[in-house]
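Here is the structure we will look at.
The values are calculated or read from the model by the stated rules, or taken from the named source; none is laboratory data. Model, not experiment: these values are computed from the prediction. Methodologically, a virtual Cβ is constructed for each residue, glycine included, from the backbone with ideal geometry; neighbour enumeration extends over all protein chains shown. The protein model used for the area step is the full one, side chains on, heavy atoms only, and it has no ligands, DNA or RNA in it. Shrake-Rupley method; radii C 1.70, N 1.55, O 1.52, S 1.80 Å.
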Amino acid sequence: MKKYLLAGIVGCALGALVSVKLAGPVLAQDAETKKTIYEQLDLFGDIFERIRSEYVEEVSSKDLIEAAIDGMLTSLDPHSSYLSADDAAKMRVQTRGEFGGLGIEVTQQEGFVKVVSPIDGTPADAAGMEAGDFITHVDGQSLLGLTLDEAVGMMRGPVGSEIVITVVREGEDEPFDVSIIRDTIKLTAVRARTEGDTVVLRITTFNDQTYPNLVDGLEKQVNEAGGMENINGIVLDLRNNPGGLLNQAIRVSDAFLEKGEIVSTRGRYSKDSERYTAKPGDLADGKPIVVLINGGSASASEIVAGALQDHRRAIVVGTRSFGKGSVQTVMPLRGEGAMRLTTSRYYTPSGRSIQALGVSPNIIVEQPKRKSADSEEEESRRNRSEADLRGALSNDSLSEDEIQQIEADRLKAENAAKLREDDYQLAYAIDILSGLSAIAIQN
């Protein structure tokens with residue numbers, strides 16, 4: 001009995017000794033880390049006081065601290081940032097679908113502001129701003145060295161006021177100025193129309209109005225066509241859509257999927273990972289879908305395109321998307337401000353991350369530059385036919401009904417040709433659906 005007791009005491013003593021030996025270095029490391037942090041905070045305090053007491057002009061302590069916080073966040077990635085109380089309020093308004101400004105989504109690259117996309121129907125869109133443009137100056141003042149929020153702040157201003165921005169565009173030899181009148185931006189998240197037998201759903205942003213607008217717009221077009229049986233398919237136009245709310249991207253994807261994963265998000269820790277799956281029900285009743293994307297399609301747009309592509313529910317057409325595969329969480333802070341922090345990456349149903357890679361279309365279709373008047377005239381001469389010749393014989397072998405049918409087909413072809421001139425990528429998407437419809441009819 002004494003031997004067992006002695007063995008137990010020795011075992012406890014050895015265990016305690018091992019614990020001390022293991023815990024000692026860990027505690028020392030923690031203490032060293034804390035010491036370093038406090039030394040850095042002391043350094044921050046020293047610099048803060050020096051600026052307050054010795055800077056050439058008096059500065060606001062509040063502004064200094066907010067700038068320090070914003071600098072800390074923007075050093076992480078281009079999408080993390082500090083939102084002052086005013087900026088946080090504006091962001092909440094924007095997600096509801098109405099805000100003031102130019103109507104342009106921007107990011108930062110190599111110290112300059114880069115346009116992700118202009119928003120349809122806004123002053124920036126009307127002024128001809130394009131995805132990929134770099135904004136170097138605002139009203140003659142350089143943006144180099146400014147944070148993204150500071151640059152955006154320079155572009156904000158009263159509704160009705162004028163702003164002149166200097167733009168560098170690929171393919172242009174010299175920078176050029178663009179004058180824009182600021183306005184209140186009222187977003188219609190989804191614009192629906194019918195081209196021939198195809199419903200076109202142009203999704204401009206993902207805010208609280210997106211899914212309701214989508215449902216209402218599709219229903220209206222289908223009713224006007226006399227039912228889904230008279231529709232050959234749907235084009236989801238996500239070009240120049242900068243993204244927005246994750247939950248709206250999930251709802252839009254779910255609208256056309258019967259089952260399966262839509263998107264997954266993975267954070268720093270496995271417990272923060274989430275998967276979102278589709279519920280039964282397809283608003284398009286299985287009709288084929290073409291998704292249009294380009295370099296201005298980002299974030300939530302890429303979630304929708306990636307989900308429908310991976311499930312082979314849609315053919316993706318256009319050019320490679322922007323490649324923003326991260327999720328930002330907006331966290332309220334004291335003083336009514338907020339922090340926008342990148343907290344996870346998202347992955348398409350097949351498990352691919354599109355961060356910095358984008359969604360690659362199934363069919364790459366570039367949007368050609370507009371033709372000059374001279375080239376249009378030359379093409380018109382080449383397209384002359386027998387019927388255009390003076391004194392050509394008439395065709396007397398056709399009935400009146402056949403002539404009317406030929407004229408209707410010709411009008412349809414002319415409208416298709418006009419659409420190709422106005423929007424080649426959209427016309428290409430509609431041609432795909434027309435071809436799929438013709439195959440389905442034959443089968």
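A compact table of results
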| item | result |
| --- | --- |
| Single condition Ile250 does not satisfy, out of (1) surrounded by fewer than 23 Cβ atoms within 10 Å (Cβ to Cβ); (2) over 17 Å from the mean Cα position of the chain (by Cα) | (2) |
| Restricting region 305-318 to residues that are in contact with a helix residue (DSSP H, G or I) (Cβ under 7 Å, 6 or more places away or on another chain) and within 19 Å of Tyr428 (Cβ to Cβ), the residue that is surrounded by the most Cβ atoms within 10 Å (Cβ to Cβ) | Gly318 |
| Matching residues, region 42-96, being within 15 Å of Ala338 (Cα to Cα), in contact (Cβ under 8 Å) with a residue 60 or more places away in the chain and either loosely packed, with under 14 Cβ neighbours inside 10 Å or hydroxyl-bearing (Ser, Thr, Tyr) (or both) | Gly71, Thr74, Ser80, Ser81, Tyr82, Ser84, Ala85, Thr95 |
| Matching option when the condition is under 21 Å from Asp254 (Cβ atoms), open to solvent by 50 Å² or more (accessible area, probe 1.4 Å) and among the hydroxyl-bearing types (Ser, Thr, Tyr), among Ser350, Ser321 | Ser350 |
| Of the criteria (1) over 15 Å from the mean Cα position of the chain (by Cα); (2) surrounded by 22 or more Cβ atoms within 10 Å (Cβ to Cβ), which one Pro280 fails | (2) |
| Residue within region 153-167 that is closer than 29 Å to Val365 by Cα and either loosely packed, with under 14 Cβ neighbours inside 10 Å or not basic (Lys, Arg) (or both) present | yes |
| Test: Ile364 is closer than 19 Å to Ala314 by Cα, modelled with pLDDT under 90 and either open to solvent by 80 Å² or more (accessible area, probe 1.4 Å) or of a type in the set (D, E, K, R) (or both) | no |
| Residues of region 210-240 satisfying the condition of being touching an Asp or Glu at 6+ places or on another chain (Cβ under 9 Å) and among the basic types (Lys, Arg) | none |
| Evaluation of Asn240 against (1) at pLDDT below 95; (2) surrounded by fewer than 18 Cβ atoms within 10 Å (Cβ to Cβ); (3) within 25 Å of Asp423 (Cβ to Cβ); (4) polar (S, T, N, Q) (one fails), failing number | (2) |
| Output for region 112-139, where each listed residue is part of a strand (DSSP E or B) and either open to solvent by 30 Å² or more (accessible area, probe 1.4 Å) or under 19 Å from Thr204 (Cα atoms) (or both) | Phe112, Lys114, Val115, Val116, Ser117, Pro118, Phe134, His137 |
| Which listed residue is out of contact with any helix residue (DSSP H, G or I) (no Cβ under 7 Å at 6 or more places or on another chain), within 21 Å of Ile104 (Cα to Cα) and open to solvent by less than 40 Å² (accessible area, probe 1.4 Å), from Ser264, Ser301 | Ser301 |
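So that you can scan it fast, the table gives a plain yes or no per residue for (1) assigned to a loop (DSSP other than H, G, I, E, B); (2) farther than 17 Å from Ala255 by Cα:
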| residue | (1), (2) |
| --- | --- |
| Leu146 | yes, yes |
| Ile185 | no, yes |
| Thr188 | yes, yes |
| Leu201 | no, no |
| Leu214 | no, no |
| Glu219 | no, no |
| Asn223 | no, yes |
